[in-house]
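Read the structure below first, then the notes.
The values are calculated or read from the model by the stated rules, or taken from the named source; none is laboratory data. Keep in mind that what you see is a predicted model, and the values were worked out from it rather than measured. Note: ideal-geometry Cβ built from the backbone for every residue, glycine included; neighbour counts use all protein chains shown.
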Amino acid sequence: MNGRNPAAGTVFLTVFSADLEAACGPIGGLTACLSPAEAQSARRFARPGDRLDYLASHALFRLLAAHRLGRGFAEARQLEVTRWCSGCGSTGHGKPAVAGASLSLSRSKGAVMVAAGPEGTPVGADIERIPDTLHSGFDQYVASAAERIALAPGDIPARLRLWVAKEAVLKAAGLGLSVPPAEVHLACDSANDDCSTLRADSPAHPQVNGLGAVFLPAPPGYVAALSSAGPTPLTRLSLTDLLPPRPAA
């Protein structure tokens, strides 16, 4: 496909940063997909793992944007990526965007995730590696009062699922973590008997109300979620959908 036949609805991909780096080797590496400014920005990370995650997440963002727009992988580097911060209005930082599509990216300790939907459709994606421990104030910061009652003591994976679902919702709303996650309540969508979709409610932040969140397949040891405004087809892509085929041996 190589980005020329985009699927309908929202597409997403989660991948280990090292796997994306290896897959991009034949086309010149991760930086072959990035703008010179993005490649330069990666140098500010002191830890090699953090630097790789930054390069991988932004390369995947451009590759998926090119796919969403029906363009080839070779055009990913030329896409104009703009930024806007919902908190201060700055265009020097904030959520990246490409005209013609709605996109969201996330990275966490060795893994990256990007989702893309039709332009104008709220999309938020988040992936997190499950830690061994959480800081003592996690529940108060993340969970609503009702959610705190439902959380089992010591259940770290359940808490991380709540975190990624809420961060995905807040990204889709364009708010990010300018809103404390505890101010958003997630409940099972009444239209889904299996509780496969959660719905957000936040009286203080009406732009959050009604946004949905679903959990997505993630690498072992990670959790991932995607948020959108309503029911939409979801398609999980692979790197073969975004990159040119490898030459025959």
Report task. Might you check whether a residue that is more than 22 Å from Phe12 (Cα to Cα), of a type outside the set (A, V, I, L, M) and surrounded by fewer than 16 Cβ atoms within 10 Å (Cβ to Cβ) occurs anywhere in the range 224-236? Result -> no
**Report entry** Flag for Val214 being touching a Ser or Thr at 6+ places or on another chain (Cβ under 6 Å), free of Cβ contacts under 8 Å to residues at least 60 places away in the same chain, more than 26 Å from Phe16 (Cα to Cα) and surrounded by 15 or more Cβ atoms within 10 Å (Cβ to Cβ)
**Finding:** no
Query - Residues of the range 93-115 that turn out to be within 14 Å of His58 (Cβ to Cβ) and part of a strand (DSSP E or B), as a count - result: 12
Query raised in the report: Residue check: is Arg246 closer than 30 Å to Glu21 by Cα, exposed (fewer than 15 other Cβ atoms within 10 Å of the Cβ), touching a helix residue (DSSP H, G or I) at 6+ places or on another chain (Cβ under 7 Å) and basic (Lys, Arg)?
Result: yes
Report summary line: Of the candidates Ser144, Ser136, the one satisfying the condition of being of a type in the set (Ser, Thr, Tyr) and either buried (at least 18 other Cβ atoms within 10 Å of the Cβ) or within 13 Å of the chain's Cα centre (by Cα) (or both) is Ser144
Query raised in the report: Would you pick out the residues in the range 126-142 that are outside any helix (DSSP H, G or I), hydroxyl-bearing (Ser, Thr, Tyr) and touching a residue at least 12 places away in the same chain (Cβ under 8 Å)?
Result: Thr133
Query raised in the report: Can you name the condition, by its number, that Arg62 falls short on among (1) more than 20 Å from the chain's Cα centre (by Cα); (2) basic (Lys, Arg); (3) crowded, with 18+ Cβ neighbours inside 10 Å?
Result: (1)
Query raised in the report: Can you pull out the residues in the range 180-220 that are modelled with pLDDT under 90 and of a type in the set (A, V, I, L, M, F, W, C)?
Result: Cys188, Ala191, Cys195, Ala204
Query raised in the report: Quick one: Ala42 ticks every box in (1) over 20 Å from Ser108 (Cβ atoms); (2) without any contact (Cβ under 8 Å) to a residue 60 or more places away in the chain; (3) among the small types (Gly, Ala, Ser); (4) surrounded by fewer than 22 Cβ atoms within 10 Å (Cβ to Cβ) bar one, so which box is it?
Result: (1)
Report task. List every residue pair whose Cβ atoms sit under 7 Å apart, with the two residues 6 or more apart in sequence or on different chains, where the first one lies in the range 4-23 and is closer than 15 Å to Leu52 by Cα and modelled with pLDDT under 90 and the second, anywhere, is basic (Lys, Arg) and not in a loop (DSSP other than H, G, I, E, B). Result -> none
